[in-house]
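Remarks on the structure that follows.
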Amino acid sequence: MTTEYTPTELLAYVAAGLLEDGKSVFVGTGLPMIATMLAQRTHAPNLLVIFEAGGIGPQMPVLPISVGDSRTFYRAVAASSMHDVMSASQSGYLDYGFLG
């Protein structure tokens with residue numbers, strides 16, 4: 001039996017598999033969000049998601065439209081700024097960076 005999938009679906013699946021439980025990931029819009037949500041729902045429930053616009057550790061019941069979507073702050077651990085998130089990333093405090 002063969003399973004049909006698109007190149008985009010394969011990319012999301014492979015990217016999700018690289019994200020480890022208990023690590024932090026700096027996430028951008030689009031495919032990075034999809035891969036991150038897939039990772040959280042399959043094998044990395046404790047993955048700390050940090051959105052480019054400043055949402056840190058939100059719950060994501062649905063896919064946000066963009067990093068600036070209010071859903072990226074839903075029940076978040078912190079509401080920060082793009083400057084703070086970029087600074088943390090450049091300082092090496094985040095485990096992964098995945099921008100779309």
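The numbers here are math on the coordinates, done by the rules we state, and not lab data. Source: prediction; values computed, not measured. Here the Cβ positions follow ideal geometry from the backbone for every residue, glycine too, while neighbour counts run over all protein chains shown.
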Query - Single unsatisfied condition, V25 versus (1) in contact (Cβ under 8 Å) with a residue 60 or more places away in the chain; (2) assigned to a strand (DSSP E or B); (3) in contact with a Gly (Cβ under 7 Å, 6 or more places away or on another chain) - result: (3)
Report task. Starting from the range 66-95, keep only residues that are closer than 13 Å to S24 by Cα and touching a residue at least 60 places away in the same chain (Cβ under 8 Å), then list their pairs with residues that are of a type in the set (A, V, I, L, M) and part of a helix (DSSP H, G or I) whose Cβ atoms are within a distance under 8 Å, requiring at least 6 positions of separation or different chains. Result -> L94/A88
Report task. Select from the range 42-88 the residues that are outside any loop (DSSP other than H, G, I, E, B), more than 14 Å from the chain's Cα centre (by Cα) and not charged (D, E, K, R) and list them in ascending order. Result -> S70, A78, A79, M82, H83, M86, S87, A88
Query raised in the report: Consider A16 against the criteria (1) touching a Leu at 6+ places or on another chain (Cβ under 6 Å); (2) within 11 Å of D95 (Cα to Cα): it satisfies all of them except one. Which criterion is unmet?
Result: (2)
Report task. Determine if the range 11-21 includes at least one residue that is within 14 Å of G97 (Cα to Cα), in a helix (DSSP H, G or I) and either free of Cβ contacts under 8 Å to residues at least 60 places away in the same chain or in contact with a Pro (Cβ under 7 Å, 6 or more places away or on another chain) (or both). Result -> yes
Query raised in the report: Of everything in the range 5-27 that's under 22 Å from S66 (Cβ atoms) and among the hydrophobic types (A, V, I, L, M, F, W, C), which residue is surrounded by the most Cβ atoms within 10 Å (Cβ to Cβ)?
Result: V27
